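Step one of this worksheet: look at the structure below.
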Amino acid sequence: MNSKLKNTLLKLTLLLPLLAHSAVHASQPNCSENLNFDVRTLNTDSALNLCEAYQGKVILIVNTASKCGYTGQYEALESLYEKHKQDGLVVLGFPSNDFGGQEPGTEQQIKDFCVNTYAVKFPMFQKTSVKKTNADPLYKKLGEQAGYPRWNFHKYLLDREGKLVDSFTSPVTPDSPQIVGRIEALLKQ
């Protein structure tokens, strides 16, 4: 076999898996810009794409902190998640030390606190900056649409298509009629 033919066959061998991969992904629905982010899960080296993992779900995104007056909201967040996860709700927690230094720990310490104190099972992600001046890309996208968090436990609500439909400030608790009613309505759609 001559070297030109070998080169052509080698190129085809390398291209075929890429073409097959592209065809599979091209047939899937488009990802919402609000979910098209790779984020690292808390205290791991593993990242996941929010769109691949959660597209089609109602999503509540929350910036959390372990030493805040609102930290008790973990309990209501977990309860909301447990009650509605089978219906298509997911709560995504993003620890942040942006406000009052109230999340100073390592990711291992944060994970241990969440699990041991509040039995958190909803997905938690890397320690994240959420303030406008240095916001992580996800929070920059959400903040541009609905305003940036001004404190810990700010909540963004996305519908099944990944569209931002509401935003709730820290004092609005996850078990408030305002949030629960909005989530239950979205889950029925």
Going through the stretch 138-189 in order, the residues found to be touching a strand residue (DSSP E or B) at 6+ places or on another chain (Cβ under 7 Å) and among the charged types (D, E, K, R) are LYS155, ASP159, ARG160, ASP166, ARG182
Per the list (1) within 15 Å of ILE61 (Cβ to Cβ); (2) outside any strand (DSSP E or B); (3) without any contact (Cβ under 8 Å) to a residue 60 or more places away in the chain; (4) of a type outside the set (Gly, Ala, Ser), residue check on ASP166 breaks on (2)
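What do you reckon, is GLN126 surrounded by fewer than 19 Cβ atoms within 10 Å (Cβ to Cβ) and under 23 Å from GLU144 (Cβ atoms)?
Yes, satisfied.
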By residue number, the members of the stretch 169-189 that are part of a loop (DSSP other than H, G, I, E, B) and surrounded by fewer than 19 Cβ atoms within 10 Å (Cβ to Cβ) are THR169, PRO171, VAL172, ASP175, SER176, GLN189
Among residues of the stretch 147-168 being hydrophobic (A, V, I, L, M, F, W, C) and farther than 16 Å from ARG182 by Cα, the residue surrounded by the most Cβ atoms within 10 Å (Cβ to Cβ) is PHE153
Reported set for the stretch 123-160 where residues are of a type in the set (Phe, Trp, Tyr) and over 19 Å from PRO174 (Cβ atoms) is TYR148
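Working carefully through the options VAL91, VAL130, find the one that is closer than 19 Å to ASP166 by Cβ, at pLDDT 95 or above and part of a loop (DSSP other than H, G, I, E, B). Working first, answer last.
Details: VAL91 fails: part of a loop (DSSP other than H, G, I, E, B).
After ruling out the rest, the residue left standing is VAL130.
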Going residue by residue through the stretch 69-85, is there one that turns out to be assigned by TED's automatic domain parsing to the domain that holds LYS57, touching a residue at least 24 places away in the same chain (Cβ under 8 Å), farther than 21 Å from LEU157 by Cβ and outside any helix (DSSP H, G or I)? no
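In the stretch 107-125, what count of residues is obtained for those that are assigned to a loop (DSSP other than H, G, I, E, B), touching a residue at least 60 places away in the same chain (Cβ under 8 Å) and touching a helix residue (DSSP H, G or I) at 6+ places or on another chain (Cβ under 7 Å)? Write out each step before concluding.
Quick first cut of the stretch 107-125, residues assigned to a loop (DSSP other than H, G, I, E, B) only: 119-123.
Retained after the next criterion (residues that are touching a residue at least 60 places away in the same chain (Cβ under 8 Å)): 123.
Adding the requirement that they be touching a helix residue (DSSP H, G or I) at 6+ places or on another chain (Cβ under 7 Å) leaves none.
Residues meeting the conditions: 0.
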For GLU161, the lone unmet condition from (1) touching a residue at least 24 places away in the same chain (Cβ under 8 Å); (2) touching a helix residue (DSSP H, G or I) at 6+ places or on another chain (Cβ under 8 Å); (3) not in a helix (DSSP H, G or I) is (2)
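The values are calculated or read from the model by the stated rules, or taken from the named source; none is laboratory data. Because the structure is predicted, anything quoted here is derived from the model rather than measured. Methodologically, a virtual Cβ is constructed for each residue, glycine included, from the backbone with ideal geometry; neighbour enumeration extends over all protein chains shown.
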